[in-house]
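Below is one structure, written out as C-alpha cells; comments come after it.
The values are calculated or read from the model by the stated rules, or taken from the named source; none is laboratory data. Since this is a predicted model, take the numbers as computed values, not measurements. Positions of Cβ are backbone-derived with ideal geometry, glycine not excepted, and every protein chain shown enters the neighbour counts. Each accessible area value is taken on the protein alone, full model and side chains, heavy atoms only, with ligands, DNA and RNA left out. Shrake-Rupley method; radii C 1.70, N 1.55, O 1.52, S 1.80 Å.
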Amino acid sequence: MSVHFREIQLPPNPSQRLPEKIKNAGNFAPTSKPNIPKVKEISLRSITEIIADIHSDRADSITPLEWTYCLWAKAEWDIKNPAISPEISQAIWLVAQNNPRLKQQLLWRLALHHSHQLENAENSNVPVLDRALVECFADFANTAIGTDALPVQIIKILTRDSSDYELAKLSWQYLKTPRELLAKAQLPAHIPIVDRAQAHLAGIFAKNQVADLSGVEWLLRCLKEMPPAQQVAAVEELLVKISSDVLKNQRLKLVEWVRSEYYPKLQLLSAPAQESLTRWIGGLNYSYFQKTIDLVARMLRLSDAEIKQLEERRDFWANYSDRLQRVRLLLPQSSASAIGYQLPFDVDILPEDGSEVTEVCIFQLEGYYAIEFFRGTGAEIRLIKRSKESDRLLFVKKELSIKRIRKLGGEVHDRVFMWQSYCEKWLKQKNIVPNHGTKSFQGMSQYYGKYDAANGLRIPEPQEQKERDILLKKWQKEMESLS
C-alpha cells in the first residue's frame, strides 16, 4: 500500500505582502513642526546673587528653587564670607517667619541636623544646614507662636541628653505616637530617635496609670507602630508593671488587644509576664460575666431572692477570676432584647426548647468547663471535663439550647442556702482553687468568708446546716425532674 502526501504550501514572506497603506506611510514627512508650547528656560542664579538679594532686603525676588539651592550651598559660602554669615543667617530666619515654604525647609533640615548629631554623624558628607543658620535658630524660637510652637519644641528636645525620653513624654502629652507627632510638626518622622522614644511609651503609660479611652487608644496605636522585638518588650513591661486594676475604666480595650495578639504567642514572654497575662485575661473574662449579671439583675423583673442569688454567683467567681481562661455567654431572646444593646461584647442567643427561661455562662477552667445556669428550676453549676469534643460543643457550636447543655451530663452542684463553702471544696477536688493570695471571699460575711488555702472556707454551723439540708433535698427533686 502506498501513501501520497500533498505538497505543503508556505505563505509568502510577510515583508513581501505588507498592506499598501503601510508601505506608503514611510513616504510621508512632517511639513511643519508640532505645535508644542515653548518652555521658558530656567537659569539658576549663583549663591552670591541670591545672598545679595537677602542682604538688600529683596527676598521676594528669590524663587522657591533658589531658596532650596541657597540652603544647600550656604555652608560653602560661609567659609568665604565669615564676617557677614551671621547677619545673613538672621535675615533668612526673619524671612522665614512670613514664608511658610522656606520655614518648613529650615525646620526640616534643622531636625535632620540635630538627628545627625545625636547619631554621631558629624562627619557626614551630606550637607543638612550650615552652622550659622543652626546658631540663629534660637532667635526664631523665642518668637515662635501658633503652629510653629510644636516643631520648635521638638527641635529643642533633639538637642538634649535625654531626648528620646523627652520626645516620648511629649508624645503622651499630645496623644500622638512619636511618628504622628513629628508628622504633625512637619518634621522628618523616620529619624532614629523615634524608634528610641517608642521604647519609653509603655513605661510612661504604666507610670501615669492611664485609664481613659483616648490614652488607651494612644498606647494601642503606639504598639502597632513598633517593630516586633520592641513591641514584645513593651507588652512585657505593661504586663509586669500593671498588676492591679487592669480593667479600670477603658483599659478593657488594651487587655483585649494583648489577649488577641499575645495569648497565642505566650512563648515570647517571660514567666512573670505570662502569669500576669493570665490574670489580665481572667479579669477580662470575669468582667463580661459580672457585667451580664449586673444587667440581668437590674433590667429584668426579678424577685429579690433571684437577684440575691445572681449577686452571690457574681461575687463567688470574683475569687476565681485568674482561673477563667475563656467565657461564653448565652441569653434567651427576651433577655437579649432587654439588655443586649448595653453589652460591649458579643453574646449568643439560646433557642427556645421548652425549658425555663434562664441565662447561661460557660467558663473554661484548667481541666474543666464550668456551666452556670443563672435562674429557674435547678439553677445549678455543672462541671464537664475538657476534651476536643466538649470544646467543640460548648465553644464552637453556634446553637446551644438548655436541654442540649444538660444532656452533656457532667458533675452538678447546687446553689441553695450556704452553698459557697461546699462549692469551694468541690472545686478544690478538681484542682480549681481561688486566686493566689486570697484571704477572704467576696460577697460573704467576715465569719464565713475567711479563707485558708489549706482548709478552705468555714462550713456552716449545725443549725444552718439543717436548714441547708432541707433545701438541698428539695433541690435534688427538682433536678430529677429536669433529667
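General observations
Okay, residues lined up against (1) modelled with pLDDT of 90 or more; (2) on the phi > 0 side of the Ramachandran plot; (3) open to solvent by less than 60 Å² (accessible area, probe 1.4 Å); (4) outside any helix (DSSP H, G or I):
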| site | (1), (2), (3), (4) |
| --- | --- |
| ASN120 | no, yes, no, yes |
| ALA132 | yes, no, yes, no |
| ALA144 | no, no, yes, yes |
| ILE154 | yes, no, yes, no |
| THR159 | yes, no, no, yes |
| LEU181 | yes, no, yes, no |
| LEU187 | yes, no, yes, yes |
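- Some residue of segment 58-78 being modelled with pLDDT under 90, assigned to a loop (DSSP other than H, G, I, E, B) and basic (Lys, Arg): no
- LEU324 passes every criterion in (1) out of contact with any helix residue (DSSP H, G or I) (no Cβ under 6 Å at 6 or more places or on another chain); (2) closer than 24 Å to GLU256 by Cβ apart from (1).
- Test set (1) in a loop (DSSP other than H, G, I, E, B); (2) open to solvent by 80 Å² or more (accessible area, probe 1.4 Å); (3) aromatic (Phe, Trp, Tyr) - TYR447 fails condition number: (1)
- Search result, residues across segment 452-483 that are in contact with a strand residue (DSSP E or B) (Cβ under 9 Å, 6 or more places away or on another chain) and open to solvent by less than 90 Å² (accessible area, probe 1.4 Å): LEU457, MET479
- TYR286 being in contact with a helix residue (DSSP H, G or I) (Cβ under 9 Å, 6 or more places away or on another chain) and of a type in the set (Phe, Trp, Tyr): yes
- Of residues in segment 417-444 being open to solvent by 60 Å² or more (accessible area, probe 1.4 Å) and part of a loop (DSSP other than H, G, I, E, B), the one nearest to LEU365 (Cα to Cα): ASN431
- Residues in segment 161-176 that are touching a Leu at 6+ places or on another chain (Cβ under 8 Å) and modelled with pLDDT of 95 or more: 6 in all.
- Qualifying residues in segment 79-100 (those that are over 45 Å from the mean Cα position of the chain (by Cα), assigned to a helix (DSSP H, G or I) and of a type in the set (Val, Ile, Thr)) - the one nearest to THR147 (Cα to Cα): ILE88
- Annotation: of all residues in segment 55-69 being of a type outside the set (Asp, Glu) and within 50 Å of the chain's Cα centre (by Cα), the one that is most open to solvent (accessible area, probe 1.4 Å) is LEU65.
- Within segment 416-435, residues that are within 14 Å of TYR369 (Cα to Cα) and touching a residue at least 60 places away in the same chain (Cβ under 8 Å) have Cβ atoms under 7 Å from residues that are small (Gly, Ala, Ser) and assigned to a loop (DSSP other than H, G, I, E, B) in these pairs: LYS430/GLY367; ASN431/GLY367, counting only partners at least 6 apart in sequence or on another chain.
- When TRP426 is tested against (1) at pLDDT 95 or above; (2) out of contact with any His (no Cβ under 7 Å at 6 or more places or on another chain), only condition (2) is not met.
- Scanning segment 314-325 for residues that are crowded, with 19+ Cβ neighbours inside 10 Å and of a type outside the set (Gly, Ala, Ser), we see that the one that is modelled with the lowest pLDDT is ASP322.
- Residue list for segment 326-347, filter: surrounded by fewer than 15 Cβ atoms within 10 Å (Cβ to Cβ) and in contact with an Asp or Glu (Cβ under 8 Å, 6 or more places away or on another chain): GLN333
- Screening ILE62 against (1) in contact with a Cys (Cβ under 8 Å, 6 or more places away or on another chain); (2) closer than 22 Å to VAL152 by Cβ leaves a single unmet condition, (2).
- ARG406 falls short on exactly one of the conditions (1) open to solvent by 20 Å² or more (accessible area, probe 1.4 Å); (2) in contact (Cβ under 8 Å) with a residue 60 or more places away in the chain; (3) on the phi > 0 side of the Ramachandran plot, and that condition is (3).
- Of the residues making up segment 384-401, those that are closer than 18 Å to THR358 by Cβ, touching a residue at least 40 places away in the same chain (Cβ under 8 Å) and either open to solvent by 10 Å² or more (accessible area, probe 1.4 Å) or not in a helix (DSSP H, G or I) (or both) are GLU399, LEU400, SER401.
- Residue check, GLY340 over 16 Å from LEU302 (Cβ atoms) and free of Cβ contacts under 8 Å to residues at least 24 places away in the same chain: yes
- Candidate set: segment 299-313, residues that are assigned to a helix (DSSP H, G or I) and of a type in the set (Lys, Arg); chosen: the one surrounded by the most Cβ atoms within 10 Å (Cβ to Cβ): ARG313
- PHE363 vs. criteria in contact with a strand residue (DSSP E or B) (Cβ under 7 Å, 6 or more places away or on another chain), open to solvent by less than 10 Å² (accessible area, probe 1.4 Å) and either not in a loop (DSSP other than H, G, I, E, B) or not hydroxyl-bearing (Ser, Thr, Tyr) (or both): yes
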